[in-house]
Each structure stands twice: as C-alpha cells, then as structure tokens.
Amino acid sequence: MSTTTGMPSATAAKSLASSATFRTFATVFAIATPIIYTACEMQNWPLFTYHPGSNRVDLGWAPAVKDEGPAMYWYGWTATTLIGAAILGMLATMLPEKMVRSIPLSLVWIVPLAVVPILVYALRFFWRW
Amino acid sequence: MGIIPDFLLDYISVSTYWTILFIAHALLAVALLGALSHQAMSVLMPVRAGAASGGFVTRFRAVHGASYAAAICVLWIVTFIFGAWIYTKYRIYVRIPIEQAGYWKTQGVFELKEHLVTIGLGLLPIYWYFWKNARNPEYDSPRKWLTVTLAAMCWYSFLVGHVVNNVRGFGS
C-alpha cells in the first residue's frame, strides 16, 4: 500500500520535467521576477501593506500610522512580483513555440545579476559614512 | 506584534517562540547553504568520470547535483517562509534599534538580502527544470551559471543574516 502512495507525485514531476509548456512558463517567470521586483521596489508598488504593530493589512501602498509602528512593504512587493511574473509566464505559454525558443536561456541568470547594481543604487539611502 | 498562534503561548513564552523560529530558520539556511555549495562546486569543478577518489575537495565536488535540486527548492521555500515570518519581529525589535544606533550600512545590506531571496524564489522553477533535464546538453551552461548565481545569493544572505544577528540578535 505505502509504496504506491508516492507514485502519482513522482509521475507528475516527471511529466512536468518533460513539458515544453512548463519550460516556457518557468523561463519567463525567472526573467520577469527580477525585473518586476526591481520596478516594485523603485516605484513602491506593493500589492498590500502590512502593519506589524497592529497586525493590520491595507490593500496597495499605505503609510505608517502614527503610534502604530512602521509599515512593511516587502511582503506586498513579493506578492506583486510573483503574481505578475506568473501572469507573464502563463501568457508566454500561448506564444508560438518558435518565438519562445528564441528567448536566450542565459537570461535566467544574467537578468537577476544585472538588477543587483540597480537594487544597490536604490538602497543609496543606507550607504552613508 | 507579529503572527503567533495563540495556543502555543499556553506552553511557551513569546521570547521562546521567536527563538525557536529563528533557530529553525538558521538551521534550514545551513542545510540550504551546504546543499547549494556542493552543487555549485560540482558544476564549476566537475570530477571526471573514472577519476580516482581524491581528498576532501574532490569528494566535496563529486556529488550527484541532480539529486540535490528538489531538496534545494524545498529548503529555499521553507527557509524563505520562516524568514518572512520572523521579519515581522525584526522590523520592530531589530531594525528600529539598528537605525537608532546609526548602523545604516548594516541595515542596507540586510535590505539587499530581502531583495535577493525574493528574486531567488522566482528562479526556482527553471532551476528545477534544468536539473530534471540534466542529460540535455542544451541546458548545461544555463544550469551551471544559474546554480552558481543561487549559491552566491544564498552565501550573501547567510553571511548578512549572521552579521545582523551579531549586531542585534540573541540576548539583545
């Protein structure tokens, strides 16, 4: 009995690993994530704002409330990024295979490295001596 | 402050709760760092097939990288979730004193850590796919450099987390 319980997930993983659709989704998701995240950080586009002092969540960007501690935007940036990248990834799966194949796979590691200097620059407030 | 399941507080103090959570986060990070370091070394300095078993470095890089991929994805996600959970506590009880003490660069490098771990999260699906198709030569180069990129992100995040804990962690 117990030996058969792991079979469906193993089969699903195998089929995902051989799926051209999943490859397209994952490639575009990987390229879009650093770009969208950097835009979210620089433009301050959180999907929601979390106020840890009061455990309150506001939709979109909200300022810190007086006497209620700081506001946190990182959760909201992460949510915006993952949803945005997933939408782009799904849209890419509808493109013709020839077009998708023309996306250089090296972008999946070049783009994340390329946004690092931009993010370092965006944090310039902290680089003071 | 933060998200704490109420029933837990019948058995442990708030301080113990956050300490357990932080130690779990740190241990998961150690496991992730070790796995990614082995895998990155295995793609940067692969051991030739049939080579005689060498010393520590040879054995360190002689791992079967593909068998690490799923575990690394799970560890990255779980470590991320634990870190995101602790972050609520950090924002009030760690970051504010760090800012009051004027440790701006410490805060800045931690902010960059937040950014890198989220970006790393987005790289996991294609990373997993590349390793599941490790026999496909088309993916050799992107798989190698993506693995090295993730390992670099993990090392940076680990070291920064360690430094911030030294600045204001346990006992502060």
* For the range B:96-108, enumerate the residues that are without any contact (Cβ under 8 Å) to a residue 60 or more places away in the chain and crowded, with 19+ Cβ neighbours inside 10 Å. => B:GLN107
* Asked: Can you name the helices (runs of 4 or more DSSP H) wholly within the range B:63-172 that have at least 3 residues being out of contact with any Ser or Thr (no Cβ under 6 Å at 6 or more places or on another chain), charged (D, E, K, R) and within 11 Å of chain A (Cβ to nearest Cβ)?
  -> B:104-132, B:140-168
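Identify all residues within the range B:1-32 that are within 10 Å of the chain's Cα centre (by Cα) and more than 15 Å from B:ASN165 (Cβ to Cβ); write none if there are none. Walk me through how you get there before you give the answer.
Within the range B:1-32, the first condition is being within 10 Å of the chain's Cα centre (by Cα), and the residues that meet it are B:25-32.
Across the range B:1-32, the qualifying residues are B:ALA31, B:LEU32.
Residues are listed down the side, and each one gets a yes or a no for (1) modelled with pLDDT of 95 or more; (2) closer than 24 Å to B:GLY120 by Cβ; (3) aromatic (Phe, Trp, Tyr):
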site	(1), (2), (3)
A:ARG23	yes, yes, no
A:ILE35	yes, yes, no
A:MET42	yes, yes, no
A:TRP45	yes, yes, yes
A:PRO52	no, yes, no
A:ARG56	no, no, no
A:LYS66	no, no, no
* Asked: Just checking, how many residues over the range A:43-82 are assigned to a helix (DSSP H, G or I) and either of a type in the set (S, T, N, Q) or buried (at least 17 other Cβ atoms within 10 Å of the Cβ) (or both)?
  -> 9
* **Residues within the range A:7-27 that are within 10 Å of another protein chain (Cβ to nearest Cβ), in a helix (DSSP H, G or I) and within 17 Å of B:ALA69 (Cα to Cα), tallied** => 8
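Between A:VAL111, A:VAL65, which is among the aliphatic types (A, V, I, L, M), in contact with a His (Cβ under 7 Å, 6 or more places away or on another chain) and in contact (Cβ under 8 Å) with a residue 12 or more places away in the chain? Outline the logic, then answer.
Numbers: A:VAL111 fails: in contact with a His (Cβ under 7 Å, 6 or more places away or on another chain).
Just one listed residue meets the conditions, A:VAL65.
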* Asked: How many residues, within the range A:83-129, are surrounded by fewer than 20 Cβ atoms within 10 Å (Cβ to Cβ), at pLDDT 95 or above and facing chain B (nearest Cβ under 7 Å)?
  -> 5
* Structure fact -> When (1) over 14 Å from the mean Cα position of the chain (by Cα); (2) surrounded by fewer than 20 Cβ atoms within 10 Å (Cβ to Cβ); (3) more than 21 Å from B:PHE110 (Cα to Cα) are applied to B:SER42, the one that fails is (2)
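The values are calculated or read from the model by the stated rules, or taken from the named source; none is laboratory data. This is a predicted model, so every value here is computed, not measured. So basically every Cβ, Gly included, is an ideal-geometry build from the backbone, and we count neighbours across all protein chains shown.
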